[in-house]
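Below is one structure, written out as structure tokens; comments come after it.
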Amino acid sequence: MLVFFDVTCVACLLALVLTPWIRSLANRFGWVDVPDANRKLHLGAVPRIGGVAVALAYALSLVFIVVAPYRNLDFDIPTALSAALRLAPALAIILLTGIVDDIRGLRPWQKLAVECVAAVLAYWGGFGVYVLRGQPLSDLVSLPISVVWLVGCTNALNLIDGMDGLAAGVGVFATLTTFVAALVHGNLELALVTAPLAGALIGFLRYNFNPASIFLGDSGSLFVGFLLGCFGTMWGQKSATLLGMTAPMIALAMPLLDTVLAIGRRLLRRQPIFSADRGHIHHRLLDRGLTTRRAVLFLYGACGLAAAVALLQDVAHKEFSGLIIVLFCAAAWMGVQHLGYAEFGVAGRIILAGSFRSVVNIQLKLQQFERALHQTSTLDDAWLVIAASAQDFGLSGVRLRVDDRFFDSMPGLDTTNYWQVRVPLSHGQFLNVSHDPAREVHPVVLASFPKVLEHFLRSRFPARSEESETLADEPVNAVAVGLSSLTVTEPAGTQSRKTN
């Protein structure tokens, strides 16, 4: 045990010494993070390559253990450190990628590609998910699972690095959890490579906790996240549980959950997955009135609870491990509910209320309607499809003027209190869709039915003059509700007119 204590203390001292030097270097060359009053709320420019100090402290502490005159140990230090040597090439790639991103900036896909390369190197170095449910996996299955796990852990810590001391503190909890699990399983090789990371992060937190004078940056968050992913694979290989990787996943539950929520939010909002936003867990806590320090300490407490559950699940008997996982997932679900994510609430109500199936059904019917329109050869045929479909969708009627011909599916109908959507197609031509508010029509129909008709009519019956072509490019101009007459604002250069 003395060697583990020594290597932790050496790494901590090295981080305490190296971090101010890296901070000064970053300030001198302008490698700083500037606040933007949106997501970056720190008061001034802060150096952002703190990960270099953590990586140097970690590597130098391992070198110290190799040259230190330890004797009569239960294991051979060079042999135990062989895991670190096998991982060195992949770690070097990750660290260099983070440094380049901190200094010059990289596109998300560039970082992702490099992370995948590093994950493959780590896999062939022995850091992979080789066994699942007690059964060995083939390389065709094991390799993609391992790459997803390693890249996921790497980016999870990177995404949660949004508040002073948060990513480093989460890394400390996850590392110490892995270290304790390694001692429980007698995995001295894993214990020896995790102990210095905990020491380096604790030393770095002296300068990174609120108010931070230096940030981890991508160089640190990617480096630490990748290491924790590799430690998780080593833990999973020695785990007594059937699923193996369950305990490491629980230990990293906070950053992994934040990543899953971020991806889910952006998919539901149809935003790019790699786009930045203020919807992370720590942002939600700030929005609820917590200060930065209190939010970070709250998340530390959540990480401590996850660490305890991970260790309990790791040593629990098979009949209790499943119950522990269920209870932990239930607690995580309740926590997410209290954060108030509107996207998931709306999606849940849609699914539970059966609205999802109705939306899918409407979209399929709209696609069939569009195909039927394009299969027609004449305007008369197209009108028959339009009139029948309007009735099928529950609309009151359609009026259409195209090529000096007028079509009306509701002749003589009083539309005084009807919803009406008018789409100007070209000079003197229009599409008018009416709906009786007393009849129930799906909102998707009201939004999409006129748009489908507009696209079809403009493509099949284009404007016949320059003036018409200009008008045909204009979007829908007005929607009037419950008026005795519908006022339509025409494009610039034309006069408003009314239609009954």
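The values are calculated or read from the model by the stated rules, or taken from the named source; none is laboratory data. The structure displayed is predicted, hence computed values, not measured ones. With ideal geometry, Cβ positions are generated from the backbone for all residues, glycine too; neighbour counts draw on all protein chains shown.
Being part of a helix (DSSP H, G or I) and either touching an Asp or Glu at 6+ places or on another chain (Cβ under 6 Å) or outside the structural domain of Leu150 (by TED's automatic domain parsing) (or both): is that true of Ala90 here? So that I can check it myself, show each step before the final result.
Values: part of a helix (DSSP H, G or I): yes; either touching an Asp or Glu at 6+ places or on another chain (Cβ under 6 Å) or outside the structural domain of Leu150 (by TED's automatic domain parsing) (or both): no.
No; evaluated as a whole, the condition is false for this residue.
Return the pair list, or none, for Cβ contacts closer than 8 Å from residues in region 138-149 that are in contact (Cβ under 8 Å) with a residue 24 or more places away in the chain to residues that are in a helix (DSSP H, G or I) and not hydrophobic (A, V, I, L, M, F, W, C), at least 6 apart or on different chains.
Ser146/Tyr123; Ser146/Thr233; Val147/Tyr123; Trp149/Gly229; Trp149/Gly232; Trp149/Thr233
Can you say whether Phe298 is buried (at least 17 other Cβ atoms within 10 Å of the Cβ), touching a Leu at 6+ places or on another chain (Cβ under 7 Å), part of a helix (DSSP H, G or I) and not aliphatic (A, V, I, L, M), as far as the supplied structure shows? Please lay out each step first, then the result.
Values: buried (at least 17 other Cβ atoms within 10 Å of the Cβ): no; touching a Leu at 6+ places or on another chain (Cβ under 7 Å): yes; part of a helix (DSSP H, G or I): yes; not aliphatic (A, V, I, L, M): yes.
So Phe298 fails the test.
Taking Gly162 as the residue in question, decide whether it is more than 29 Å from Ile77 (Cβ to Cβ) and of a type outside the set (Lys, Arg).
Values: more than 29 Å from Ile77 (Cβ to Cβ): yes; of a type outside the set (Lys, Arg): yes.
Taking the combined requirement at face value, the residue satisfies it.
I'm told Arg270 meets every condition in (1) crowded, with 16+ Cβ neighbours inside 10 Å; (2) without any contact (Cβ under 8 Å) to a residue 40 or more places away in the chain except one. Can you identify the failing condition by its number?
The number of the failed condition is (1).
From the list Val360, Val385, which one is more than 18 Å from Val170 (Cα to Cα), at pLDDT below 85 and not assigned by TED's automatic domain parsing to the domain that holds Gly171? Lay out the reasoning, then the answer.
On the way: Val385 fails: at pLDDT below 85.
Testing whether each residue is more than 18 Å from Val170 (Cα to Cα), at pLDDT below 85 and not assigned by TED's automatic domain parsing to the domain that holds Gly171 leaves just Val360.
Quick one: which residue in Leu227, Leu183 is in a helix (DSSP H, G or I), within 27 Å of the chain's Cα centre (by Cα) and in the same structural domain as Ala253 (by TED's automatic domain parsing)?
Working: Leu183 fails: within 27 Å of the chain's Cα centre (by Cα).
When all the criteria are applied, what remains is Leu227.
Looking at region 392-412 only, could you name the residues that are within 17 Å of Ala438 (Cα to Cα) and exposed (fewer than 13 other Cβ atoms within 10 Å of the Cβ)?
Residue satisfying the conditions is Asp392 alone.
Any idea which of Leu91, Leu87, Leu14 is farther than 27 Å from Arg206 by Cα, under 35 Å from the mean Cα position of the chain (by Cα) and not small (Gly, Ala, Ser)?
Details: Leu91 fails: farther than 27 Å from Arg206 by Cα; Leu14 fails: farther than 27 Å from Arg206 by Cα.
Selected residue: Leu87, the only one of Leu91, Leu87, Leu14 that is farther than 27 Å from Arg206 by Cα, under 35 Å from the mean Cα position of the chain (by Cα) and not small (Gly, Ala, Ser).
Looking at Thr292, Thr246, Thr233 in this structure, which one is closer than 14 Å to Gly162 by Cβ, β-branched (Val, Ile, Thr) and in the same structural domain as Trp109 (by TED's automatic domain parsing)?
Numbers: Thr246 fails: closer than 14 Å to Gly162 by Cβ; Thr233 fails: closer than 14 Å to Gly162 by Cβ.
Exactly one of Thr292, Thr246, Thr233 is closer than 14 Å to Gly162 by Cβ, β-branched (Val, Ile, Thr) and in the same structural domain as Trp109 (by TED's automatic domain parsing), namely Thr292.
Could you please find all residues in region 64-78 being out of contact with any helix residue (DSSP H, G or I) (no Cβ under 8 Å at 6 or more places or on another chain) and assigned to a helix (DSSP H, G or I)?
Of the residues in region 64-78, the ones out of contact with any helix residue (DSSP H, G or I) (no Cβ under 8 Å at 6 or more places or on another chain) are 67, 69, 71-72, 76.
Residue satisfying the conditions is Val67 alone.
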